[in-house]
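The values are calculated or read from the model by the stated rules, or taken from the named source; none is laboratory data. None of these values were measured; they are calculated from a predicted model. Heads up, the Cβs are rebuilt from the backbone with ideal geometry, glycines too, and the neighbour counts pull from every protein chain shown. For accessibility, only protein heavy atoms count, side chains too; no ligands or nucleic acids. Shrake-Rupley method; radii C 1.70, N 1.55, O 1.52, S 1.80 Å.
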Amino acid sequence: MADVTVAMVKDLRERTGLGIMDCKRALVDAEGDSELAIENLRKSSGMKAAKKAGRTAAEGKIGTRIENIENGVAVMVEVNCETDFAARDENFVKFVETVTNKVFDSRETDIDKIMASGLEKPREELVQKIGENISIRRAEVIEGSVTSYVHTNGKIGVLVALEGGDDELGKDIAMHIAATNPQYVNTSDVPEDTVLKEKEIYVAQAAGSGKPTEIIEKMVQGRVRKYLAEISLVEQVFVKDSDVKVGKLLKNASAEVTRFVRYEVGEGIEVEEVDFATEVASQLNEDK
């Protein structure tokens, strides 16, 4: 068996971008033959990716691209990995950009179709390189006059479609949406069954108050109005000026938000809590 030197491991790492232990094992298996090690690594990349696929990917980044803000096209994607450290890796950042451009060029939002368009192989190679599960979670395409905003950490992104107004107003509204997370544009957009469920909760909460029925009804109506105002964009107080609501801000600019989309990395994904010692032991066993 050929001796595997530090220099050999360093060379293979520089050529493949893989971790030190992955390179060392590959060289040992190939009896020191770097070319054979690379060939074997390429053959096993699919298995490596499949091995990682069952692990929860709830970190990652948001990618956006807009061309021709007026009557143009805007896209937004969420690509996930397992850790915030990997989300900052330049190879992962480049992959997010590749996915964003692919969606922009194809106008496709179906994840299976996006993956089938030539992204599966680079995804598998990236999984092997950074050692984490990676997945494209969702994508959005909006046509028209659209403005985007991505928070500085890359974990919250917003697209806003406006009629009237200008790009500066659009960015202000997008930043507001990123900060407050409204669910709808107008109160009239809230589904009736959602309102009824909230009303039922408020009625049940007030039932034990001992107050007269007509008082309880007024209390419930007030709480429903407050709830609708909290989740509706135009009823919210503008984050940059507490003296004006978003609806008034839009009206003053003769503008209207026709649609918005807000992504936050990992929202709704259940992450299993694992203590650090258990996680390390699991990874060591996995790499055997």
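When V265, V160 are compared by accessible surface with a 1.4 Å probe, the order from highest to lowest is V265, V160. Ligands, DNA and RNA left out, the 1.4 Å accessible surface of the chain is 49% carbon and sulfur atoms. Which residues among region 87-127 fall inside the zone where the amide N is under 17 Å from a point 7 Å beyond the Cα of K10, along Cα→Cβ? Within reach of a label on K10: no residues. Ignoring GluC sites (Glu not before Pro) that are buried or in helix or strand per DSSP, and keeping those with at most 13 other beta carbon atoms within 10 Å, what is the longest stretch of the chain between them? That would be 71-266.
Kirkwood hydrodynamic radius computed over the chain comes to 22.5 Å, based on all pairs of distinct alpha carbons. Across region 49-191, the convex hull enclosing all Cα atoms gives 126 Å³ per residue. Only helices enter the 222 nm calculation for the chain: every DSSP H run of n ≥ 4 contributes -39,500 (n - 2.57), and dividing by all residues gives -15500 deg cm²/dmol, rounded to 500. In a simple Cβ point-charge model (Lys, Arg +1; Asp, Glu -1; nothing else charged), the chain has a dipole of about 320 debye relative to its Cα centre.
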